[in-house]
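Supplied in structure tokens, the structure appears directly below.
The values are calculated or read from the model by the stated rules, or taken from the named source; none is laboratory data. What you see is a predicted model, and the numbers here were worked out from it, not measured in a lab. Cβ atoms come from the backbone with ideal geometry, glycine included; neighbour counts cover every protein chain shown. Ligands, DNA and RNA are excluded from the accessible area calculation, which covers all protein heavy atoms including side chains. Shrake-Rupley method; radii C 1.70, N 1.55, O 1.52, S 1.80 Å.
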Amino acid sequence: MASIAARELTHKPLKEEIYDALHRQIIAGKYTPGDWLRQEDIASQMGVSMTPVREALDLLVAKGIAERVPYRGVRVREMSEKDVVEAYGMRLFLEAMIARETALNITPDKIANLEAIMAEMDRHVELSEMPQERQLSREFHTAIAEASGNDLLIQLYSIVSNAFPDWLLYEALYRKPELVSSSVAQTHDEHAAILEAFKKRDPDKAVKVSLEHVMESGRWLETYRNIPAALLREKEKQVSHLIKKSK
């Protein structure tokens, strides 16, 4: 069972603080698929009562990050090969749609927010800092969705991004720490390309670089999680026409 310090809590409603802390641990790979999230242990570690822990676990289940097993409790969701491929395909479609909408609608303050997140990410480049880097990366993409101004896309993105297995990608960095430096640099360059497309209000370029960014995750799934390449390439083919339209 992963340890969660009470200092990880912030200033949101307690159930949301606990949810955020657990979510960070899952993204960081400190809880892995199939691990049980025991209410009693979490409440004890955080110094809180059982009720907000139960509510936080309900949030994790509602967002597809955890699953409730009748008569046993809640555990981190175990994803089948089919689950991973389907989540990857949906992420591709949504990233393309959001990139186009955001390029057309983003405001200067939203651009400044993305720049601030990137700057903070640049401060987290060591293996021990990858939980923060991964969380900031998610915040970057969530901020892009919110900048689209499309409420339905924002809601859909929240669901699909939680189904996309960030922790599966992150775990590879612990097994192969020599990948950290190049991974951080590549993520920076890809995020910078996306931001530049937004600054130029170029929807075609934004779609192209956003899809290329997600497809890099596909290569990680193939290389480090043994997801069949043919299944991933099939999902990529379904959005390839969107890239061909880009400049």
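By per-residue mean of other Cβ atoms within 10 Å, what is the highest-first order of 103-115, 198-210?
198-210, 103-115
Between THR32 and GLU120, what FRET efficiency comes out of the Förster formula 1/(1 + (r/R0)^6) with R0 = 35 Å and r the beta carbon distance, rounded to 0.05?
Rounded to the nearest 0.05, the efficiency is 0.85.
Contact order normalised by length for the chain, with contacts defined as Cα pairs under 8 Å and 6 or more residues apart; what percent is it?
23 percent
Give me the Debye-computed log₁₀ of I(q)/I(0) at q = 0.10, 0.12, 0.16 Å⁻¹ for the chain, equal point scatterers on Cα only, no solvent, two decimals.
Relative scattering, expressed as log10 I(q)/I(0), comes to -0.49, -0.72, -1.26.
About the Cα centre of the range 1-140, what is the dipole size in debye to 20, counting +1 per Lys and Arg Cβ and -1 per Asp and Glu Cβ, all else neutral?
Here the size comes out at about 400 debye.
Sorting TYR71, TYR19, TYR224 by accessible area (1.4 Å probe), largest first, what list results?
TYR71, TYR224, TYR19
Name the residue from ALA119, HIS191, ILE106 whose Cα lies farthest towards the positive end of the charge dipole of the range 102-223, charges +1 on Cβ of Lys and Arg and -1 on Cβ of Asp and Glu.
Going by the charge dipole, the pick is ILE106.
Now a separate question. Compute the distance from the alpha-carbon center of the range 179-205 to that of the range 85-104, in whole Å.
Each part reduced to its Cα centre gives a spacing of 15 Å.
Okay, next question. Once you charge only the Cβ atoms, +1 for Lys and Arg and -1 for Asp and Glu, what is the size of the charge dipole of the chain about its Cα centre, to the nearest 20 debye?
The dipole magnitude comes to about 520 debye.
Using 0.36 nm per residue of separation minus the Cα-Cα distance, give me the extension gain between GLN238 and SER49 in nm, one decimal.
Taking GLN238 through SER49 to full extension adds about 63.3 nm, to one decimal.
Another question, if that's okay. What whole-number value in Å² describes the accessible area per residue of the range 181-247 for a 1.4 Å probe?
About 51 Å² of surface per residue is accessible.
Then there is this: Counting only heavy atoms of the protein chains, get the accessible area per residue of the range 7-90 (1.4 Å probe) and round it to a whole Å² value. Write down the numbers at each step before the final one.
Details: 4270 Å² over 84 residues.
Value returned for the range 7-90: 51 Å² of accessible area per residue.
Heavy atoms only, 1.4 Å probe, whole protein assembly: order THR142, THR102 by accessible area, highest first.
Listed by decreasing accessible area, they come as THR142, THR102.
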